[in-house]
Amino acid sequence: MQKTIGIDLGGTNMSVGIVDENMEIIGRASRPTHAERPFSAVVDDMYSCAEEAAASCGLSQDSFSCIGVGSPGNLDPRTGVLLNASNLGWHNVRLVEALSKRFQKPVYVANDADCAALGEALAGVARSYESALMVTLGTGVGGGFIDHGKIFRGGDGRGCEPGHMVLVPGGRRCTCGVYGCFEAYCSATGLIASTQEAMRRHPESALWKLCPNGIDTVSGKTAFDGAQMGDAVASRVISDYISCLAVGLGSLISILRPHIVTLGGGVSKQKHTLTDPLNEIIGSYVFAAEEAGVPPVVPASLGGDAGIIGAAQLAGHI
């Protein structure tokens with residue numbers, strides 16, 4: 001099998017990997033994205049970063065037949081136009097056209113969460129399952145669904161946005177403008193907001209001792225640390241967070257019926273501290289759980305490499 005190039009384009013950094021026939025990354029390169037520059041300058045950097053990654057394992061770009069790219073934002077796969085990528089500051093950018101001209105090769109592009117889901121399904125913890133749902137719990141909530149080796153792209157080809165189903169009507173305002181989204185409560189950002197709200201209500205909480213420089217230093221890890229210390233307020237924050245996550249994931253399981261659910265993003269670094277209690281209660285929110293069973297929810301295994309591996313395999317899986 002031919003080695004492939006995968007590019008994970010992020011708001012802060014772009015990472016390029018050369019992926020071999022065993023789905024292992026054998027060459028790498030990365031550099032800051034600096035998306036505030038002209039779009040053409042970022043495209044040039046993606047090209048030179050790919051050259052650097054290829055050279056790191058003794059190859060040239062002539063060795064590859066196509067390029068795969070995972071990009072944040074809302075991509076129209078029919079036109080190759082990146083309609084909106086807020087963390088890049090890009091709107092209506094002809095991403096596929098520009099990259100195809102620069103690389104002089106076919107370019108396949110998908111949402112970065114879809115690429116991460118594909119990477120986990122092909123080479124990570126979900127590789128032995130026919131279908132897999134991945135949900136990322138980072139600054140936002142993203143995700144992708146892989147069914148029999150193909151990315152689910154929906155009727156308009158744009159895939160799924162699990163972070164923007166509404167869990168709490170009239171709840172917190174999400175960055176998308178809707179109130180009460182899954183993302184507003186179950187992202188790392190949402191967990192931080194919940195932790196801060198609890199701290200303001202409970203000045204006696206040990207959570208304050210974990211943030212000696214003020215409430216603005218709360219992270220997605222703070223409440224987990226407080227719960228581990230035995231703080232009742234922190235334990236309640238985590239219990240409520242896991243309950244909300246179970247509701248959201250349970251709904252997605254009832255709709256998509258995956259064989260496994262993988263969790264990525266910063267909050268997933270809590271691993272079994274997060275997934276063990278989640279697996280205990282999630283069946284309460286899954287349709288026909290007793291008859292059909294409930295898929296396991298597990299931490300993703302590839303970290304940042306999932307997006308690179310998935311992007312490198314886009315040609316055969318979209």
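The values are calculated or read from the model by the stated rules, or taken from the named source; none is laboratory data. Because the structure is predicted, anything quoted here is derived from the model rather than measured. Virtual Cβ from ideal backbone geometry, glycine too; neighbours counted across all protein chains shown. What goes into the accessible areas is simple: the full protein's heavy atoms, side chains included, and nothing from ligands, DNA or RNA. Shrake-Rupley method; radii C 1.70, N 1.55, O 1.52, S 1.80 Å.
Only one of ALA116, ALA121, ALA132, ALA98 is in a strand (DSSP E or B) and of a type outside the set (Val, Ile, Thr). Can you tell me which?
On the way: ALA116 fails: in a strand (DSSP E or B); ALA121 fails: in a strand (DSSP E or B); ALA98 fails: in a strand (DSSP E or B).
None of the other options fit; the residue is ALA132.
Tell me which residues, restricted to the stretch 17-35, are in contact with a Gly (Cβ under 8 Å, 6 or more places away or on another chain) and either under 17 Å from LEU88 (Cβ atoms) or among the small types (Gly, Ala, Ser) (or both).
Within the stretch 17-35, GLY17, GLY27, THR33, ALA35 qualify.
Just for the stretch 254-266: of the residues that are crowded, with 23+ Cβ neighbours inside 10 Å and either within 25 Å of GLU204 (Cβ to Cβ) or aliphatic (A, V, I, L, M) (or both), which one is nearest to the chain's Cα centre (by Cα)?
Per the stated criteria, the residue is LEU263.
Just the residues that are under 15 Å from the mean Cα position of the chain (by Cα) and either of a type in the set (Phe, Trp, Tyr) or surrounded by fewer than 21 Cβ atoms within 10 Å (Cβ to Cβ) (or both), please, taken from the stretch 159-187. If you could, list the steps in order and put the result at the bottom.
To start, the set of residues in the stretch 159-187 that are under 15 Å from the mean Cα position of the chain (by Cα) comprises 159-164, 182-183, 186-187.
Passing the criteria: GLU161, HIS164, PHE182.
For residues that are open to solvent by 20 Å² or more (accessible area, probe 1.4 Å), in contact (Cβ under 8 Å) with a residue 40 or more places away in the chain and in a helix (DSSP H, G or I), tally how many sit in the stretch 284-315.
2
Here are ASP62, ASP76: which of them is touching a Lys or Arg at 6+ places or on another chain (Cβ under 8 Å) and acidic (Asp, Glu)? Quick ask: steps written out before the conclusion?
Working: ASP62 fails: touching a Lys or Arg at 6+ places or on another chain (Cβ under 8 Å).
Selected residue: ASP76, the only one of ASP62, ASP76 that is touching a Lys or Arg at 6+ places or on another chain (Cβ under 8 Å) and acidic (Asp, Glu).
Could you figure out which of (1) open to solvent by less than 40 Å² (accessible area, probe 1.4 Å); (2) more than 30 Å from ILE67 (Cα to Cα) isn't true of SER239?
Result: SER239 fails condition (1) only.
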